[in-house]
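Comments concern the structure below.
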Amino acid sequence: MLNKIWFGLLLIGIVYGFGRGAYNTIWPPTPAVTINEQADSEASDGALPPPSDRNLKQMGKGLNAAALSAAEVTITICISLIGIMALWLGLLAVARDAGLVDALARLLSPWMRWLFPDVPDGHPAQGAILMNISANMLNLDNAATPLGLKAMKELQTLNPNKETATDAMAMFMAINTSSVTLIPFTIIGYRATFHSDNPAEPLFGIILVTTFSTLVAIVVTRLLARSPRFALANKSEQTDGTGDRS
Amino acid sequence: MTILEYIDLFSQWSVPLMILTIILWAAYKRVPMYESFVTGAKEGFDVAVMIIPYLVAILFAIKIFEASGAFEDIKLMAGWAMERVGLGDYRESLDLIPLALTKPLTGGGARGVMVEIFDTHGPDSFLGKTASIMMGSTETTFYILSVYYGSIQIKKIRHTLHACLVADAAGIAAAVVVGYLLYG
């Protein structure tokens, strides 16, 4: 998937750029602008017009510059990002060692039974799910993934049909991918790298939007789980047979 | 003070307050703070260095695509269509489409797109702030689903993808709306 997108962006970029440049060379964009441009480009040597006004030569130059600027921008960012990421992850490590993740997990535990009615109380899946969600909330991506995989493994032990996802798994994935975030450290870090006046400014918006999208995820997952199209083929059989799922 | 000013004040103070909470908590729990910090900071160094190849790859493709004029032409047409249906005032949000499209696919790619937006428009512009909200409130859905389900060999994922994509779309739309409400 990514391979195709990457290839597509580059191919379209170069081919379209060639076509656009050729078109602009044969039929120059609005003459009035071109005269000014001529003067401009001679005066401020090397300044290119916006991409859609470039002629073939300028287009080639522009594409060259674009390729190189990708490398340049990355290095500028990463140099300052090293310091900022070290700072944040350092602080987060202190928070983690102080047991902040466990504290959050305890806060969230009353919701578990409502969200995952199929997971029995005290089952190890509960703990793993709670820890994963808490780690996600604190933006601890590296810690969240192993906890999430552990949660999936535990949920699989409750799954009668090992190749089909259960309702609990779908709910866990929906909550996980709707990204409940309390403190978006990485984004604050990137904003600081670009010398933002207030790197933490979008925090309020993020909490608002992420709460909304998580609610949507929960509701939609619940509704879809009940729709006949996605219903578990063997769920009714199983409840009839053993009655331990109801 | 208006509500927006309170929010601004709160966000300015959010980081110092959080640091205070963490260190007080850690002191209470008698965590060797300095050592913990250094261990974590090393991890941060690795993260920042590890993303370089991904960032170069995605920025390279995006910059080439943009420099060809293709993106500008698409925006021109989409902007024209938006004006036709009376949404001309909101055409600026078209610059967020690349972010909305890449985020569910790849975290590294979306980071590249966000960096591109910061680089072109600045982190404190309407676009910069709205991109931050979008970035913070969506996840790399396809990646997570394939890794998590792949790890336990689930083949039929039933309604998972549908539900996640609906939630993503809701998050993206909400990010734009909130962006306009708070910073538009």
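Where a number appears in this text, it was derived from the coordinates with a stated rule and is not lab data. Please read all numbers here as calculations on a predicted model, not as lab measurements. A quick note on method: Cβ atoms are made from the backbone with ideal geometry, for glycine too, and the neighbour counts reach across all protein chains shown.
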*Any idea what the alpha-carbon Rg over 2.2 N^0.38 Å comes to for chain A?*
1.49
*Is there a simple number for the mean count of other chain Cβ atoms within 10 Å of the Cβ of residues in A:64-73, and what is it?*
6
*Under a 10 Å cutoff between Cα atoms, tell me which one of A:I77, A:I187, A:I14 has the largest fluctuation in the Gaussian network model of chain A.*
A:I14
*asked:* I'd like the mean, over residues of A:3-16, of how many other protein chain beta carbons sit within 10 Å of each residue's own Cβ.
replied: 5
_10 Å Cβ neighbours from other chains, averaged over peptide B:27-35_ = 3
_Please rank A:D167, A:D102, fewest neighbouring Cβ atoms within 10 Å first, as an exposure proxy._
A:D102, A:D167
*Per the helix-only calculation at 222 nm, which mean residue ellipticity applies to the protein assembly as shown, given -39500 (n - 2.57) for every DSSP H run of n ≥ 4 and division by its residues, nearest 500 deg cm²/dmol?*
-24500 deg cm²/dmol
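Just need the Rg to Rh number for region A:99-241, please, alpha carbons only, Kirkwood Rh.
With Rg and the Kirkwood Rh in hand, the quotient comes to 1.04.
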_Rg and Dmax in Å for chain B, alpha carbons only: what are they?_
20.1, 63
*Once the Cα atoms of helix B:141-151 and of chain B are each reduced to a long axis, what angle between those two axes, in degrees from 0 to 90 to the nearest 10, is obtained?*
50 degrees
*Would you calculate the separation in nanometres between label points at A:L107 and B:K29, each defined as 7 Å from the Cα along the Cα-to-beta-carbon direction?*
1.3 nm
*With no solvent and one equal point scatterer placed on each C-alpha of the protein assembly as shown, evaluate the Debye formula and give log10 I(q)/I(0) for q = 0.06, 0.07, 0.08, 0.13 Å⁻¹, two decimals.*
-0.30, -0.40, -0.52, -1.20
